[in-house]
Amino acid sequence: MYNSRMNNPNSDSPETVPDLKKILSDHKKWLDSNGQEGILADLKNCKLKGAVLIGANLKNANLEGAYLYGAYFKNANLENANLEGANLRGANLRWANLKNTNMKNANLVRADLMQAELKDTLLEGANLKMAEGLTPDQLKDATTNAETILPESQK
């Protein structure tokens with residue numbers, strides 16, 4: 001699977017960039033077979049700055065603590081995924097399915113959430129400062145708390 005350096009966000013080694021095509025392929029097999037084949041995508045603490053994951057199916061994936069600065073998740077399926085503590089600063093999440101996704105304490109500063117599905121999305125402690133495309137309708141379906149930092153337009 002992965003060596004220990006791959007998941008170390010402080011390492012500058014090229015091994016910190018996983019083989020996304022293989023991981024997505026294995027994850028698709030895992031989803032299609034209800035976990036009987038393939039491998040669940042586990043990208044916990046991985047460095048994926050600027051990763052292009054347009055339309056990717058990462059349903060149920062583990063992206064906890066991942067460095068996803070400026071990543072492209074346009075039209076991606078992240079339903080039920082774990083993005084707790086992930087850095088999604090400046091990420092493109094337009095039209096992404098974030099239903100029931102754990103985004104607790106995630107950094108979503110300047111993220112583009114236009115038309116993103118946020119039903120039952122956990123945004124407790126998330127930083128949405130200067131997030132774009134976010135509407136009151138989207139937020140009413142999400143779970144926030146006093147620690148959630150909302151964009152000025154939503155206060």
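Figures for the structure shown
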quantity: Qualifying residue in the range 37-46 (condition: more than 16 Å from ASN107 (Cβ to Cβ), of a type in the set (A, V, I, L, M) and in contact with an Asp or Glu (Cβ under 8 Å, 6 or more places away or on another chain)); calculated: yes
quantity: Selection count, the range 109-135, where residues are surrounded by 19 or more Cβ atoms within 10 Å (Cβ to Cβ) and among the small types (Gly, Ala, Ser); calculated: 4
quantity: Odd one out for ARG5 among (1) within 16 Å of ALA116 (Cβ to Cβ); (2) modelled with pLDDT under 95; calculated: (1)
quantity: Residue check, ALA66 under 18 Å from LEU24 (Cβ atoms), touching a Cys at 6+ places or on another chain (Cβ under 9 Å) and either of a type in the set (A, V, I, L, M, F, W, C) or surrounded by fewer than 19 Cβ atoms within 10 Å (Cβ to Cβ) (or both); calculated: yes
quantity: Among residues of the range 84-100, those that are surrounded by fewer than 24 Cβ atoms within 10 Å (Cβ to Cβ), under 11 Å from the mean Cα position of the chain (by Cα) and either part of a loop (DSSP other than H, G, I, E, B) or β-branched (Val, Ile, Thr) (or both), counted; calculated: 3
quantity: Out of LYS49, LYS59, LYS44, sole residue that is part of a loop (DSSP other than H, G, I, E, B), out of contact with any Pro (no Cβ under 6 Å at 6 or more places or on another chain), over 21 Å from GLU124 (Cα atoms) and at pLDDT 95 or above; calculated: LYS49
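Residue by residue, here is whether (1) farther than 30 Å from LYS22 by Cα; (2) surrounded by fewer than 20 Cβ atoms within 10 Å (Cβ to Cβ) holds:
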site	(1), (2)
CYS46	no, no
ALA51	no, no
GLY55	no, yes
ASN75	no, yes
ASN82	no, no
ASN102	no, no
ASN107	no, no
ASP137	yes, yes
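The values are calculated or read from the model by the stated rules, or taken from the named source; none is laboratory data. Since the structure is predicted, the reported quantities are computational estimates derived from the model, not experimental observations. Heads up, the Cβs are rebuilt from the backbone with ideal geometry, glycines too, and the neighbour counts pull from every protein chain shown.
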